[in-house]
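The structure appears right after this line, and notes come after that.
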Amino acid sequence: MTNRVLIAPSRYVQGKNALTDLGNELHRIGKSPLLVADDVVWGIVESTVAESLRAANLEVARVGFNTYTTPEAVDELVAKIRDDGHDLIVGVGGGSTIDACKAAGHLAGVRWASVPTAASTDAPTSALSVIYNDEGEFLEYRFFPRNPDLVLVDTQLVANAPLRFLIGGIGDALATWLEARATERGQGSTMAGGRPTQSGLALARLSWDILHEHALAAIDAVRDGVVTPSVEAVVEANTLLSGLGFESGGLAAAHAIHNGLTAAPSTHGLTHGEKVNIGSTAQLILEGAPVDEIEDFIEFTTRIGLPNSLTEIGLSVDDRDALRAVAEAATAEGETIHSMPFAVTADQVVDALIAIEGISRRVRAERGLPEPAPQEEH
């Protein structure tokens, strides 16, 4: 019998203006950190980060990052770590920066920390990185023997970030419970390397429940750039609870379809969570979920501002070749769709993707919601 496994970051810190504590937190785990941040992020955080590190007697060494998490980008960071003698790498920014730092830290044999500046994915807590090519197409998952040594989230930074990032994080996190329960019903393994734990499943469900209670209020608050208890709750759900829940609860069809969608050029402008939400909607169709559950999910995610139709991601029911390419990639050997409690074929994925268009339009019409708008109108 396969063991059940739970893994987690060593330390998680979240709060308004938590970035002022970064130096003290990094000092616990290293003496020569390499900070990795793109120019936009660095322009926002530089003064706070520099002051915090200097107060902790740490040198401020930063390198830019302006690409997808490609094998070449990871190797460049490894060389920088080794050439300059760093013992810790710190990803400051979005999921690509953080994933690159985790992969580089592992290869270089140093510790690593995640400092997300938006609650846009659950990547910061995990012991894996998603690797893409230069065009943003999914290549592989890389798994590591441990999670980040530190995850630090400043909720004021999250509230100041573009609202679309928070909404995307909600889409990523909503998938966590749907995929964890599917993995538990089947025989698949989680990203932690075992069967789902009850803790992982409970955290995945807690993330789902918090988002249904607090997401709309958090979106209202972030529109005004303020931190409220709902913002704190949603940030924790998007980052920590979803991170633990997906990794020790399991991924299934939603993220596999996300990976498949990266093969469609029209989706390259979407956030991770926006693509995942298409996968979640299709997964509900694939598994024959109760009609009320599907319709409620479409209504809720529409109110959140997430896409749940082909129209919204630049595709249509007539784009059969593109949908076939997505489905073939989503059902490739080793993809997480094979953790579903039944065999899934590319034909079934194509059918589910086509089906979400009509269902989404009907539900929106019946419940007085806006019709799906083409991607360029967002």
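Below is a table of values for the structure above.
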| item | result |
| --- | --- |
| Test set (1) under 29 Å from residue 316 (Cα atoms); (2) under 19 Å from the mean Cα position of the chain (by Cα); (3) not aliphatic (A, V, I, L, M) - residue 214 fails condition number | (1) |
| Test for residue 358: is it exposed (fewer than 15 other Cβ atoms within 10 Å of the Cβ) and closer than 24 Å to residue 170 by Cα | yes |
| Selected residue [outside the structural domain of residue 130 (by TED's automatic domain parsing), of a type in the set (Ser, Thr, Tyr) and more than 19 Å from residue 176 (Cβ to Cβ)] from 301, 336, 345, 281 | 345 |
| Test: residue in the range 97-116 that is closer than 26 Å to residue 297 by Cα, assigned to a helix (DSSP H, G or I) and either of a type outside the set (S, T, N, Q) or modelled with pLDDT under 95 (or both) | no |
| Per-region count, the range 2-15, residues assigned to a loop (DSSP other than H, G, I, E, B), in contact with a strand residue (DSSP E or B) (Cβ under 9 Å, 6 or more places away or on another chain) and buried (at least 17 other Cβ atoms within 10 Å of the Cβ) | 2 |
| When residues of the range 190-216 are limited to those that are of a type outside the set (Val, Ile, Thr) and in contact with a Pro (Cβ under 9 Å, 6 or more places away or on another chain), the one nearest to residue 340 (Cα to Cα) | 204 |
| Check on residue 126, in contact (Cβ under 8 Å) with a residue 12 or more places away in the chain and out of contact with any Lys or Arg (no Cβ under 7 Å at 6 or more places or on another chain) | yes |
| Single unsatisfied condition, residue 305 versus (1) at pLDDT 95 or above; (2) within 17 Å of the chain's Cα centre (by Cα); (3) under 26 Å from residue 328 (Cα atoms) | (3) |
| Hey, residue 94 surrounded by 23 or more Cβ atoms within 10 Å (Cβ to Cβ), at pLDDT 95 or above and not assigned by TED's automatic domain parsing to the domain that holds residue 328 or not | no |
| Members of the range 30-51 that are more than 27 Å from residue 68 (Cα to Cα) and not basic (Lys, Arg) | 51 |
| Long-range neighbours under 7 Å by Cβ, at least six apart or interchain, first residue among the acidic types (Asp, Glu) within the range 291-311, second buried (at least 21 other Cβ atoms within 10 Å of the Cβ) | 293/284 |
| Among the candidates 205, 185, 223, 195, residue that is among the basic types (Lys, Arg), modelled with pLDDT of 95 or more and closer than 20 Å to residue 277 by Cα | 205 |
| Candidate set: the range 264-274, residues that are in a helix (DSSP H, G or I) and within 13 Å of the chain's Cα centre (by Cα); chosen: the one surrounded by the fewest Cβ atoms within 10 Å (Cβ to Cβ) | 272 |
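The values are calculated or read from the model by the stated rules, or taken from the named source; none is laboratory data. Keep in mind that what you see is a predicted model, and the values were worked out from it rather than measured. Cβ sites come from the backbone with ideal geometry, for glycine too, and all protein chains shown count toward neighbours.
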